[in-house]
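See structure below.
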Amino acid sequence: MRPFVYNALPGRVIFGNGTHSQLPDEVKKLGCSKALILTTPQQTKEGDNARALLNGLAVGVSNSAVMHTPVDVTESAVELATKLGADCLVAIGGGSTIGLGKAIALRTDLPQIVVPTTYAGSEATPIIGQTENGHKTTQKTLKVLPEVILYDVSLTLTLPPKMVVTSGLNAIAHAVEALYSTDSNPMIDSLAEQGISSIARSLPTIIASPEDLEARSDALFGAWACGTCLGAVGMALHHKLCHTLGGSFNLPHSETHTVVLPHAIAYNAPYASQAISAIAKALGVNDTGKSAAQAIFDLAQSLGAPVSLQELGMREEDLDRAADIAASNPYPNPAPLEREKLRKLLGDAWAGKRPE
Ligand code: NAD
């Protein structure tokens, strides 16, 4: 018998192609009529399209979302929501835009409809990270969990190929760590395996044929599955390292996940054999002699994604400090967290070494 605890999260999920046309109905279903639309400067067109679609049900568009959810940006957006009398939020974009929606919801309790256009998975989690005075803090509260997730494959067609790959590997990282999480459970294991295989098989097809709707749909489904894993169970070494590298060394989010993941898997492999074999199976390599860590490294490299922290602009002289931070606060992880081993992991990731 495998005893477990599973906390299901509330939320409505709509998945399909062209589904953003359902936005007006979803706003009405929430009992709302004054949506504030959120996006980034780069996705202004999507924000304006949503406003046109919502017609009289939208009171404004804010394209102020930026990386790391800075508190000053949130405060201006809360002011705008109050001034416009908004009664709900519609966030269209990746983790940065969804982060802004969550930050506003945290302060106002406004219900959120999110339309994710990357594979980062924030839409499915009760987690929010915010930055103030250069310091990023994370909290977990149901107040930030979006009420409705509206996945529309057509809105992911514009995601640039490089980001398709790094964002896809960002999603796979959630499922990998869910499989060896201390609070893993059969429900999430199953979603994690589906998520890994959906994304791993669809990325090469998307890179070869960016317009392939089936592959884009497979990847987006995988993103939902992996995001659900992130929202449901605790993460470990890989997420801690990426948080440290992003927060303290300002490295880009999905690219950092892409570089670190093979090394985190290799570090944990001797202590999580069942999970690692499930990951290898989901990647389709368990009978090939290739390890799960090598398969992830090869997938990233073959699709042109970065494989070294050096490429992302990290300085070699910062590796010791990164190892100190990563070893400082203990957290659950299959393999013991030893400072020298973590330093070696970071050195290998910095150099872009293929795991042995
Ligand atoms: P992002 O949201 O920062 O997007 C990167 C850029 O790509 C932006 O300019 C965006 O407008 C653009 N973009 C997004 N989708 C596009 C599309 N379909 N077509 C064209 N351009 C598009 O990137 P991200 O990786 O999705 O999110 C990263 C952020 O999300 C980080 O701050 C991270 O901490 C956060 N995050 C939070 C959670 C959580 O659970 N709280 C989970 C994952 C990520």
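Tabulated results
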{"read-out": "Phi to ³J(HN,Hα) by Karplus 6.51 cos²θ - 1.76 cosθ + 1.60 over region 73-82, Hz, x for Gly, Pro", "value": "5, 4, 4, 5, 5, 5, 4, 5, 4, 5"}
{"read-out": "Likely footprinting exposure, H238, H68, H174, fewest C-beta neighbours within 10 Å first", "value": "H68, H238, H174"}
{"read-out": "Over the chain, relative contact order from alpha-carbon pairs under 8 Å, at least 6 apart, %", "value": "15"}
{"read-out": "Alpha carbon centroid spacing (whole Å) that separates region 302-325 from region 326-356", "value": "12"}
{"read-out": "Free-standing Cys residues across the chain, given no other cysteine C-beta under 4.7 angstrom", "value": "C226, C229, C242"}
{"read-out": "All lysines inside 20 Å of K240 as judged from Cα atoms, apart from same-chain residues fewer than 8 positions distant", "value": "K136, K140, K341, K344"}
{"read-out": "Under 5 Å, built H, 5+ apart or other chain: amide partners of L36", "value": "V59, D87, C88, L89, V90"}
{"read-out": "Global geometry of region 221-356, whether rounded, prolate or oblate, following the gyration tensor of its Cα atoms and the 1.5 cut on a/c", "value": "rounded"}
{"read-out": "Normalised contact order of region 1-100, rounded percent, pairs of Cα under 8 Å and 6 or more residues apart", "value": "32"}
{"read-out": "Simple Cβ-charge dipole of region 60-217, Lys/Arg +1 and Asp/Glu -1, about Cα centre, in debye nearest 20", "value": "240"}
{"read-out": "Gyration tensor verdict on the chain (Cα atoms; rounded if a/c is under 1.5, prolate if a/b is larger than b/c, oblate otherwise)", "value": "prolate"}
{"read-out": "Using θ = phi - 60° and Karplus 6.51 cos²θ - 1.76 cosθ + 1.60, couplings along region 16-29 (whole Hz; Gly, Pro as x)", "value": "x, 10, x, 5, 5, 5, 7, 3, x, 5, 5, 4, 5, 4"}
{"read-out": "Peptides 53-60, 87-94, 131-138 ordered by average Cβ neighbours within 10 Å, highest first", "value": "87-94, 53-60, 131-138"}
{"read-out": "Cα centroid separation - region 94-119 against region 67-83, whole Å", "value": "12"}
{"read-out": "Gyration tensor (alpha-carbon) shape descriptor, region 32-117, a/c threshold 1.5", "value": "oblate"}
{"read-out": "Among R343, R107, R216, residue whose mean-square fluctuation peaks in a GNM of the chain (springs only between Cα atoms under 10 Å)", "value": "R107"}
{"read-out": "For region 1-60, with +1 on Lys and Arg beta carbons and -1 on Asp and Glu, the positive-most of P3, A50, L38 along the dipole", "value": "P3"}
{"read-out": "Degrees, to the nearest 10: 161-179 long Cα axis against longest axis of the chain", "value": "70"}
{"read-out": "Proxy reagent accessibility, fewest Cβ within 10 Å first, across D212, D109", "value": "D109, D212"}
{"read-out": "Charge dipole (debye, nearest 20) of the chain; +1 at Cβ of Lys and Arg, -1 at Cβ of Asp and Glu", "value": "340"}
{"read-out": "Set of lysines with alpha-carbon distance to K29 below 24 Å, sequence-local pairs under 8 removed", "value": "K83, K102, K143"}
{"read-out": "Residue with peak Gaussian network fluctuation, the chain [Cα springs, cutoff 10 Å], from I149, I14, I128", "value": "I14"}
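Read the figures in this text as sums done on the coordinates, not as results from a lab. What you see is a predicted model; the values in this text were computed from it and never measured. A quick note on method: Cβ atoms are made from the backbone with ideal geometry, for glycine too, and the neighbour counts reach across all protein chains shown.
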